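Everything on this sheet refers to the single structure shown next.
Only the coordinates and a few stated rules stand behind these numbers; no lab work does. Given the structure is predicted, the values throughout are model-derived calculations rather than measurements. No Cβ is skipped: glycine too gets one built from the backbone with ideal geometry, and neighbour counts run over all protein chains shown.
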Amino acid sequence: AILCSCDTTSITASRDRGASSRFTTATAADATRQRSGSRDPEGMPAGGMPLTSPSVTLKEEEEGQTEQQPRKSDGISSTGLKVLALLAVQNCVKNLVTRLAVQGEAHFLYSAAVIATEGTKCTASICYVLATGGSPLGIYRYLRAEWRKFLLLMVPAGIYNFQQTLEYVALKNLNPALFSVLVQTKLLTTAIFSAGLMGKRLRRAQVVSLLLLTTGVMLAQLRPDRHAEAAGESQMTGIVATVGIALSSGFASVYTEKVIKRHSAPAAGGDVPSGLAYTQIQLAATSLLIEGTWAFVTDSAAIAEHGLWYGFDHKAAIAAANSAAGGLTVAAVLKFADAVLKGYATAISVLLTGGLSVLFFGTTLSVEYALGMVNVLTSVFLYNAKDLSANAW
């Protein structure tokens, strides 16, 4: 009897432990389902309330989720490859076409070229809005609702206009191959402004990349024909202009991130349209206002004597149209191009610019330039790479 009683007690305890273990396992599973938002078979959530029809199984739900959220592949998608090619070709063509427009006896006003670029961007954006179902009244409502953003955009728009003018000055005095390498110093200025104004930390890989960038820029200038300048060209003027481009680009990037993204609010009211095209109209209109004022102040005598478009030939028009198309293209594909992809595009554009500069302008590329280009390309990859190291400080 004692043995039977012990056996019965042992069996009861074993059953209790099994039930307790199953209850604990079920409770943990329910908690996991609640955290992940998953459901039991037959469409029942963790709490037991049906969210879908009982005929919908868990397998069918998982298949539906897979269709809604495509699985990301480890490589670059076809859209990413198109963006990569588009950005690389646009950056390369812009340097070559601008150099072609300003070399020799070109005497058009750079302010006129900037006005033509921004006017083309504004016109193209308005046409896009109207072609996609928008209206002039919708554009007016957007500009009126976002007037605070208009004021904030005046600083980066003015800096961007200044940067465009400096590009004409730089490519007037430098060959496209050297310019494409030197202008990558904007990575250095952006890092300095980000650390100084926003307190951002740099990763060790980024610090190494900036050192490589500085070394590459110095090597690129050590050419045998460094002091052999064409008539009307000054390499020092071109270098100073390129440094100005890098400084303005770095400051504008940090200002946009710190001020505009943090202080701008979405348009109020359900009847106010929004989108990338409307933002481009606003930015182009701001640039036109600033550049028009600048042209009136600095070039009023030349405009009064010869007119705004004096000397603005077909090459200058192509350069302005290309800059406008490039600005719209870059803005349109930013959502598909992360930092790594843009780094690849920059590297490819530097290589293309160097090779095509030899073909079209007879530029001589020395061993020092090749070594400098390798350093610059490596620095671009390192600066935009992810998960290489921890913060440098």
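Sparse packing (at most 11 other Cβ atoms within 10 Å of the Cβ) combined with a DSSP loop state is found for the following GluC sites (Glu not before Pro) in segment 95-148: GLU105. Proximity of backbone amide H atoms, modeled 1.01 Å from N, is registered between ASN175 and no other residue at under 5 Å, excluding neighbours fewer than 5 places apart on the same chain. What the Cβ-Cβ distance of THR298 and SER78 gives, at R0 = 35 Å and to the nearest 0.05, is a FRET efficiency of 0.15.
Taking amide hydrogens as placed 1.01 Å from N in the peptide plane, the amide H of ARG203 sits under 5 Å from those of ALA392, each at least 5 positions away in sequence or on another chain. Seen from all directions on average, segment 77-201 presents a Cα convex hull projection of 11.4 nm². Subtracting the Cα-Cα distance of GLU233 and LEU371 from their residue separation scaled by 0.36 nm leaves 47.2 nm. Given their separation in residues at 0.36 nm each and the Cα-Cα distance between them, MET218 and LEU359 gain 48.3 nm when the chain is fully extended. When each of the peptides 149-156, 283-290 is scored by how many other beta carbons lie within 10 Å of its residues on average, the order from highest to lowest is 283-290, 149-156. If you plug the beta carbon distance of THR329 and LEU151 into 1/(1 + (r/R0)^6) with R0 = 25 Å, you get a FRET efficiency near 0.40.
Segment ASP271..ALA385, full-extension length gain: 36.8 nm, with 0.36 nm per residue of separation and the alpha-carbon distance subtracted.
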